[in-house]
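Contents: one structure, followed by commentary.
The values are calculated or read from the model by the stated rules, or taken from the named source; none is laboratory data. Just so it is clear, the model here is predicted, and its values are computed rather than measured. When we count neighbours, we look across all protein chains shown, and the Cβ atoms used for this are built from the backbone with ideal geometry, even at glycine. What goes into the accessible areas is simple: the full protein's heavy atoms, side chains included, and nothing from ligands, DNA or RNA. Shrake-Rupley method; radii C 1.70, N 1.55, O 1.52, S 1.80 Å.
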Amino acid sequence: MSNWKKYYLDKIHSDLMSEYNYSSVMEIPKLEKIVINAGVGDATKDAKMVESMFAEIEAISCQKPIMTKSKKAIATFKLRENQNIGVKVTLRGTKMWNFVANLINVALPRVRDFKGLSLKSFDAHGDYTIGIKEQIIFTEILFDKIKRVRGFDITFVTSTNDNKEALSLLKSIGLPFGKR
(Lines give C-alpha, C1' and ligand atoms only; values in the text may rest on other atoms or scores of the structure.)
Protein backbone atom coordinates (compact mmCIF):
# COMPACT_ATOMS: atom_id res chain seq x y z
CA MET A 1 0.00 0.00 0.00
CA SER A 2 1.41 3.39 -0.96
CA ASN A 3 2.16 5.97 1.73
CA TRP A 4 -0.39 8.53 0.51
CA LYS A 5 -3.15 5.92 0.46
CA LYS A 6 -2.31 4.76 4.00
CA TYR A 7 -2.27 8.38 5.23
CA TYR A 8 -5.60 9.02 3.49
CA LEU A 9 -7.28 5.99 5.05
CA ASP A 10 -5.84 6.71 8.52
CA LYS A 11 -7.18 10.28 8.34
CA ILE A 12 -10.63 9.07 7.26
CA HIS A 13 -10.71 6.46 10.05
CA SER A 14 -9.71 8.94 12.76
CA ASP A 15 -12.23 11.56 11.56
CA LEU A 16 -15.15 9.12 11.48
CA MET A 17 -14.19 7.29 14.70
CA SER A 18 -14.26 10.55 16.65
CA GLU A 19 -17.45 11.86 14.97
CA TYR A 20 -19.64 8.75 15.39
CA ASN A 21 -17.96 7.08 18.41
CA TYR A 22 -17.58 3.71 16.75
CA SER A 23 -16.35 0.95 19.04
CA SER A 24 -14.49 -0.89 16.28
CA VAL A 25 -12.66 0.09 13.11
CA MET A 26 -14.84 -2.39 11.24
CA GLU A 27 -17.92 -0.21 11.83
CA ILE A 28 -16.47 2.68 9.85
CA PRO A 29 -18.15 3.09 6.44
CA LYS A 30 -15.92 2.54 3.43
CA LEU A 31 -15.84 3.65 -0.16
CA GLU A 32 -16.45 0.33 -1.91
CA LYS A 33 -16.35 1.33 -5.57
CA ILE A 34 -16.84 4.12 -8.08
CA VAL A 35 -19.01 3.58 -11.15
CA ILE A 36 -18.60 5.85 -14.19
CA ASN A 37 -21.57 5.67 -16.56
CA ALA A 38 -22.11 7.49 -19.86
CA GLY A 39 -25.18 7.16 -22.02
CA VAL A 40 -24.77 8.12 -25.66
CA GLY A 41 -28.07 9.27 -27.13
CA ASP A 42 -26.62 9.77 -30.61
CA ALA A 43 -25.66 6.11 -30.82
CA THR A 44 -28.73 5.36 -32.92
CA LYS A 45 -27.52 7.74 -35.64
CA ASP A 46 -23.77 7.17 -35.44
CA ALA A 47 -22.18 4.08 -33.86
CA LYS A 48 -18.78 5.80 -33.77
CA MET A 49 -20.06 8.12 -31.02
CA VAL A 50 -20.14 5.19 -28.58
CA GLU A 51 -16.63 4.16 -29.64
CA SER A 52 -15.28 7.66 -29.03
CA MET A 53 -16.94 7.80 -25.59
CA PHE A 54 -15.48 4.35 -24.88
CA ALA A 55 -11.98 5.70 -25.57
CA GLU A 56 -12.58 8.82 -23.46
CA ILE A 57 -13.90 6.91 -20.42
CA GLU A 58 -10.98 4.50 -20.77
CA ALA A 59 -8.53 7.43 -20.72
CA ILE A 60 -10.23 9.06 -17.71
CA SER A 61 -10.50 5.88 -15.63
CA CYS A 62 -7.30 4.07 -16.74
CA GLN A 63 -9.40 0.92 -17.06
CA LYS A 64 -11.21 -0.69 -19.97
CA PRO A 65 -14.98 0.00 -19.80
CA ILE A 66 -17.82 -2.17 -21.06
CA MET A 67 -20.52 -1.28 -23.55
CA THR A 68 -24.09 -1.08 -22.30
CA LYS A 69 -26.74 -2.36 -24.68
CA SER A 70 -30.40 -1.56 -25.20
CA LYS A 71 -32.80 -4.09 -23.70
CA LYS A 72 -35.58 -3.70 -26.22
CA ALA A 73 -36.29 -2.09 -29.57
CA ILE A 74 -38.10 1.26 -29.66
CA ALA A 75 -39.06 2.24 -33.20
CA THR A 76 -39.80 5.91 -32.45
CA PHE A 77 -36.20 6.39 -31.26
CA LYS A 78 -34.78 4.18 -34.06
CA LEU A 79 -33.35 1.93 -31.36
CA ARG A 80 -32.73 -1.75 -32.00
CA GLU A 81 -32.48 -4.46 -29.37
CA ASN A 82 -28.90 -5.14 -28.15
CA GLN A 83 -27.59 -1.94 -29.75
CA ASN A 84 -24.63 -0.27 -28.00
CA ILE A 85 -26.00 2.86 -26.31
CA GLY A 86 -23.57 3.59 -23.51
CA VAL A 87 -20.37 2.90 -21.63
CA LYS A 88 -19.66 2.08 -17.99
CA VAL A 89 -16.69 1.16 -15.83
CA THR A 90 -16.38 0.12 -12.18
CA LEU A 91 -13.26 1.20 -10.28
CA ARG A 92 -12.01 -0.50 -7.13
CA GLY A 93 -8.79 -0.50 -5.13
CA THR A 94 -5.82 1.56 -6.25
CA LYS A 95 -7.42 2.69 -9.52
CA MET A 96 -10.40 3.99 -7.54
CA TRP A 97 -8.19 6.00 -5.17
CA ASN A 98 -6.12 7.37 -8.07
CA PHE A 99 -9.34 8.47 -9.77
CA VAL A 100 -10.58 10.16 -6.56
CA ALA A 101 -7.31 12.07 -6.22
CA ASN A 102 -7.47 13.14 -9.88
CA LEU A 103 -11.12 14.19 -9.58
CA ILE A 104 -10.60 16.26 -6.41
CA ASN A 105 -7.24 17.83 -7.22
CA VAL A 106 -7.36 18.31 -10.99
CA ALA A 107 -10.79 17.90 -12.61
CA LEU A 108 -13.23 19.65 -10.24
CA PRO A 109 -11.08 22.82 -9.94
CA ARG A 110 -11.32 23.12 -13.75
CA VAL A 111 -15.14 23.34 -13.70
CA ARG A 112 -16.37 26.82 -14.59
CA ASP A 113 -18.21 28.68 -11.81
CA PHE A 114 -17.77 25.74 -9.42
CA LYS A 115 -19.50 26.39 -6.10
CA GLY A 116 -19.16 22.92 -4.61
CA LEU A 117 -21.02 19.65 -5.03
CA SER A 118 -24.72 19.41 -4.27
CA LEU A 119 -25.86 17.80 -1.04
CA LYS A 120 -29.06 16.57 -2.73
CA SER A 121 -27.50 13.82 -4.84
CA PHE A 122 -27.61 11.01 -2.27
CA ASP A 123 -29.90 8.06 -2.83
CA ALA A 124 -31.65 6.07 -0.08
CA HIS A 125 -28.71 3.64 0.20
CA GLY A 126 -25.87 6.03 1.12
CA ASP A 127 -24.52 6.30 -2.44
CA TYR A 128 -23.66 9.65 -4.04
CA THR A 129 -23.81 10.58 -7.73
CA ILE A 130 -22.11 13.49 -9.46
CA GLY A 131 -23.20 14.60 -12.91
CA ILE A 132 -20.27 15.85 -14.99
CA LYS A 133 -21.44 18.09 -17.85
CA GLU A 134 -18.22 18.16 -19.89
CA GLN A 135 -15.59 15.45 -20.19
CA ILE A 136 -12.97 18.07 -21.02
CA ILE A 137 -12.43 18.92 -17.33
CA PHE A 138 -10.17 15.86 -17.20
CA THR A 139 -6.63 16.48 -18.43
CA GLU A 140 -6.53 13.06 -20.11
CA ILE A 141 -9.03 14.29 -22.72
CA LEU A 142 -7.52 16.33 -25.55
CA PHE A 143 -9.96 19.00 -26.69
CA ASP A 144 -8.87 18.73 -30.34
CA LYS A 145 -9.58 14.99 -30.49
CA ILE A 146 -13.15 14.93 -29.14
CA LYS A 147 -16.07 14.73 -31.52
CA ARG A 148 -18.62 16.27 -29.17
CA VAL A 149 -18.67 17.60 -25.61
CA ARG A 150 -20.56 15.05 -23.50
CA GLY A 151 -21.40 14.42 -19.90
CA PHE A 152 -21.43 11.36 -17.69
CA ASP A 153 -22.23 10.27 -14.14
CA ILE A 154 -19.85 9.30 -11.36
CA THR A 155 -21.39 7.24 -8.53
CA PHE A 156 -19.61 6.76 -5.21
CA VAL A 157 -20.86 3.50 -3.65
CA THR A 158 -20.36 3.32 0.12
CA SER A 159 -20.79 0.49 2.61
CA THR A 160 -23.35 2.41 4.69
CA ASN A 161 -27.09 2.89 4.22
CA ASP A 162 -27.12 6.16 6.19
CA ASN A 163 -26.76 9.32 4.11
CA LYS A 164 -25.26 11.29 7.02
CA GLU A 165 -22.49 8.74 7.51
CA ALA A 166 -21.90 8.64 3.75
CA LEU A 167 -21.67 12.45 3.67
CA SER A 168 -19.14 12.41 6.52
CA LEU A 169 -17.12 9.76 4.70
CA LEU A 170 -17.08 11.68 1.43
CA LYS A 171 -16.22 14.95 3.21
CA SER A 172 -13.31 13.27 5.00
CA ILE A 173 -12.11 11.92 1.65
CA GLY A 174 -12.03 15.51 0.43
CA LEU A 175 -14.99 15.98 -1.88
CA PRO A 176 -15.79 19.71 -1.96
CA PHE A 177 -19.45 20.05 -0.99
CA GLY A 178 -21.21 23.41 -1.37
CA LYS A 179 -23.54 25.24 0.96
CA ARG A 180 -26.69 24.24 -0.99
| Based on what the data block shows, is THR94 among the hydroxyl-bearing types (Ser, Thr, Tyr), under 12 Å from the mean Cα position of the chain (by Cα), under 17 Å from GLY174 (Cα atoms) and open to solvent by less than 100 Å² (accessible area, probe 1.4 Å)? | no
| remark: Filtering region 36-55 down to residues that are modelled with pLDDT under 85, open to solvent by 50 Å² or more (accessible area, probe 1.4 Å) and either touching a Leu at 6+ places or on another chain (Cβ under 9 Å) or not in a helix (DSSP H, G or I) (or both) yields GLY39, LYS45, ASP46, ALA47
| Based on what the data block shows, is THR129 outside any helix (DSSP H, G or I), open to solvent by 70 Å² or more (accessible area, probe 1.4 Å) and hydroxyl-bearing (Ser, Thr, Tyr)? | no
| field | Residue check for ILE104: over 28 Å from PHE177 (Cα atoms), surrounded by 12 or more Cβ atoms within 10 Å (Cβ to Cβ) and hydrophobic (A, V, I, L, M, F, W, C) | value | no
| remark: Of (1) modelled with pLDDT of 90 or more; (2) open to solvent by 80 Å² or more (accessible area, probe 1.4 Å), PHE122 satisfies every one except (2)
| Taking region 132-155 as the region of interest, how many residues are of a type outside the set (Phe, Trp, Tyr), at pLDDT 80 or above, part of a loop (DSSP other than H, G, I, E, B) and surrounded by 14 or more Cβ atoms within 10 Å (Cβ to Cβ)? | 4
| Listed residues THR94, THR68; which is in a strand (DSSP E or B) and under 27 Å from THR139 (Cβ atoms)? | THR68
| field | Lone unmet requirement of (1) in a helix (DSSP H, G or I); (2) at pLDDT 85 or above for GLN63 | value | (1)
| task | Just give me the residues in region 156-179 being in a strand (DSSP E or B) and in contact with a Phe, Trp or Tyr (Cβ under 8 Å, 6 or more places away or on another chain), in sequence order. | result | PHE156, THR158
